[in-house]
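The values are calculated or read from the model by the stated rules, or taken from the named source; none is laboratory data. Because the structure is predicted, anything quoted here is derived from the model rather than measured. No Cβ is skipped: glycine too gets one built from the backbone with ideal geometry, and neighbour counts run over all protein chains shown. Note: accessible area is taken over every heavy atom of the protein model, side chains too, but ligands, DNA and RNA are not part of it. Shrake-Rupley method; radii C 1.70, N 1.55, O 1.52, S 1.80 Å.
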Amino acid sequence: MKIEEIPKVLCIGVSIFSDSLKRQGVEVVDVDWSPPAEIEQDIKDILDKIM
Amino acid sequence: MSSYQTVNFVIRGLYRDSVQLMEVTERVKRLEGVLDAAVVMGTAANKESLVPMGLLTSEGEKAGPNDIIIALKATANVEQLLEQVKKIIFEIKTTTARFANIDDAMKMHPDIRYASISIPGKYVEEVALNLLQHGVNLFIFSDHVPIETEVLLKKQAASRDLLVMGPEAGTAIVSGIGFGFANKVASGNIGVVASAGSGIQEFVTLLDRYDMGISHAIGVGARDLSRDVGGIMTRKALQTLNNDEKTKIIALIAKQSDIAVVREILEEEKLSKPLVLSLLGYEEKVSDYPQSPTLHGLFLHAAHALSKTMYEKAFGALKKEVERLKTLVIRRDGYPRAFYSGGTLATETAYLWAKAGLKVYTNLNFPRAEKIDNPYTSVQATVIDYGSEEFTEGRPHPIIDPTLRNKRIISELNSNEASCIAMDLIIGYGAPDNIIAKIFDEIGDAIVKNRDKRFVIRLVGTNKDHQWGQTNLLDKFGVVTTASNALAAMFSAACGLGEPAVLEKLAEELSVEVKI
């Protein structure tokens, strides 16, 4: 691969890294992220039994 | 003191990252009527960290890892306070316009070629695979990514001619753009490949100080040179720099590596450019390339590879620093203690202390030192890496949040056991704007009260970094600063042993490696 200039970066995660890229003049495309909802283990056990 | 109550509130199913929650906590602590506070995700490690602060109640104990715990010790009406805290939490989230998912972002911006990922490790795979399919090179800061995921991502990337920098990559500087923790350094012709984040920062800032610059610094992640990963990205990065027009010399920095993997790579990858390497704390030669167990030694090799003039300048500066530091050594009972935010720098210090003849205790996995039982309690000459997992799970890295390390430093300064204290202070991109001021706000009084102890800092940064203006505080508090971490380690070893000559002896070992 050839390393080229980096005008734009997609950021997913902590804001301080996204802010740092903006400070360097990079166009930052922030993507929202939250962990997927976790099913409680006992509900999962019940579902496993009935399905 | 007026009466107070300690309460926990749990917001179920709401996520904020550790840096956002650190900001929330700081703001909540400043609210009227709040004596102490912490706002954290309900992970086991975070709940545990609330216990010694007396901030965990039975309500908080019930929180899960996807819930936010608001823990308050307050004299004011807690119901009203809670409303204010919730407001802060929602304000923090809504400051930036964002895309809801990667596909939408890539549809709107199909020209994106780089992404920075810093989400909890167990969720990285899905996000990273999606981005690779979009043809995007990745910088992955996250730790706790399963090793199988790392291998999968790196194989996919290699087959698509893409870079995966990480997981557990602290730093990368590509085409002058810093990812993660990085510094503003001069552009030049030294290309860096490293499995050590703070190792990159130490090396490139040292180069910058003596007017040498870099083309790119590619962080490949702490585990890339393990047997499991087999150096997939180290190979890719070496070839990329070998073909890069700007790069004339390649520097390879490795820590905690499988030496057989390093040997294989150096034998198999045919490079047309000069290469210099550092295997941190490892002396045995693994190839015919110039090699050093320290980053300062690597710096001398790189200067030598550039030109005789550069080497003489670098070597002359080392000799001058040693002479200056020798005059500052204080003889005092007790042991040297070192508290680091950069693991590579901690390794370098443990190595040099052991080399000086000290018996070293540490939380690092370093064969020349004893593993410490409890990283919160020092034993004789102790080196602690505050960036290691036991200190960072569910909380920001110490480069961002120095509170925990500051508390330790204050207690060590006030103890009779410590004769000298060493630390790194990493500034630049990724570190808070007020980081130097914040650290000295907290530890400054203890330094002043304990002037009979030497306090040495390796400030990892350049005069182009945006926090540089605060460096006058180091002089104000009478702290000894050094041009490299190796020099800070050598100085603290000399203080610990009460022998200024230790500095000369260790410097000799650095310098004889390079012969003109």
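Considered as a group, the residues in region A:2-20 that are more than 7 Å from every other protein chain (Cβ to nearest Cβ) and either open to solvent by less than 20 Å² (accessible area, probe 1.4 Å) or not in a loop (DSSP other than H, G, I, E, B) (or both) include one that is farthest from B:P120 (Cα to Cα), and that residue is A:D19.
When you check B:V19 against the structure, is it touching a Pro at 6+ places or on another chain (Cβ under 9 Å) and either under 21 Å from B:K87 (Cβ atoms) or not assigned by TED's automatic domain parsing to the domain that holds B:K87 (or both), yes or no? Criteria met by B:V19. Among the residues of region A:24-44, those identified as more than 7 Å from chain B (Cβ to nearest Cβ) and modelled with pLDDT of 95 or more are A:G25, A:E27, A:V28.
Step by step: first the residues of region B:47-82, then only those that are farther than 24 Å from A:W33 by Cβ, open to solvent by less than 10 Å² (accessible area, probe 1.4 Å) and of a type outside the set (G, A, S), then the one that is modelled with the lowest pLDDT. Which residue is that? Filtering first and then ranking leaves B:L50.
Candidates B:G191, B:G199: the one that is open to solvent by less than 10 Å² (accessible area, probe 1.4 Å), in a strand (DSSP E or B) and either more than 14 Å from chain A (Cβ to nearest Cβ) or in contact (Cβ under 8 Å) with a residue 60 or more places away in the chain (or both) is B:G191.
Only one entry in B:A431, B:A493, B:A446 is under 23 Å from B:S198 (Cβ atoms) and in a helix (DSSP H, G or I), namely B:A493.
Among the residues here, B:R16 qualifies as under 27 Å from B:E126 (Cβ atoms), of a type in the set (D, E, K, R) and open to solvent by less than 20 Å² (accessible area, probe 1.4 Å). Residues that are over 17 Å from the mean Cα position of the chain (by Cα) and aliphatic (A, V, I, L, M) do occur in region B:391-411.
Going by what's in this entry, would B:R337 be described as open to solvent by 10 Å² or more (accessible area, probe 1.4 Å) and either under 22 Å from B:A501 (Cβ atoms) or assigned to a helix (DSSP H, G or I) (or both)? Judged against the criteria, B:R337 is not a match.
Of the residues in region B:136-155, not one is exposed (fewer than 15 other Cβ atoms within 10 Å of the Cβ) and within 26 Å of B:E245 (Cβ to Cβ). Considering only residues in region B:31-46 that are over 19 Å from B:K407 (Cβ atoms) and open to solvent by 40 Å² or more (accessible area, probe 1.4 Å), the one that is modelled with the lowest pLDDT turns out to be B:A44. Has region B:155-170 got any residue that is acidic (D, E), in contact with an Asp or Glu (Cβ under 8 Å, 6 or more places away or on another chain) and more than 9 Å from every other protein chain (Cβ to nearest Cβ)? Yes, region B:155-170 contains a residue that is acidic (D, E), in contact with an Asp or Glu (Cβ under 8 Å, 6 or more places away or on another chain) and more than 9 Å from every other protein chain (Cβ to nearest Cβ).
Within region B:399-438, take every residue that is within 29 Å of B:V174 (Cβ to Cβ) and β-branched (V, I, T) and give me the one that is surrounded by the most Cβ atoms within 10 Å (Cβ to Cβ). Among those that are within 29 Å of B:V174 (Cβ to Cβ) and β-branched (V, I, T), it is B:I426. In this entry, B:K29 is excluded by the filter for residues that are over 30 Å from B:G180 (Cα atoms) and either free of Cβ contacts under 8 Å to residues at least 24 places away in the same chain or in contact with a strand residue (DSSP E or B) (Cβ under 8 Å, 6 or more places away or on another chain) (or both).
Rundown of residues vs (1) of a type in the set (A, V, I, L, M); (2) free of Cβ contacts under 8 Å to residues at least 40 places away in the same chain; (3) outside the structural domain of B:T349 (by TED's automatic domain parsing), yes/no style:
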residue: B:L404; (1), (2), (3): yes, yes, no
residue: B:S411; (1), (2), (3): no, yes, no
residue: B:N414; (1), (2), (3): no, yes, no
residue: B:I421; (1), (2), (3): yes, no, no
residue: B:G428; (1), (2), (3): no, no, no
residue: B:K438; (1), (2), (3): no, yes, no
residue: B:G444; (1), (2), (3): no, yes, no
residue: B:N450; (1), (2), (3): no, yes, no
residue: B:R458; (1), (2), (3): no, no, no
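Return the residue satisfying two criteria in turn: it lies in region B:341-369 and is assigned to a strand (DSSP E or B) and either within 17 Å of B:R408 (Cα to Cα) or modelled with pLDDT under 95 (or both), and of such residues it is most open to solvent (accessible area, probe 1.4 Å). The selected residue is B:Y361.
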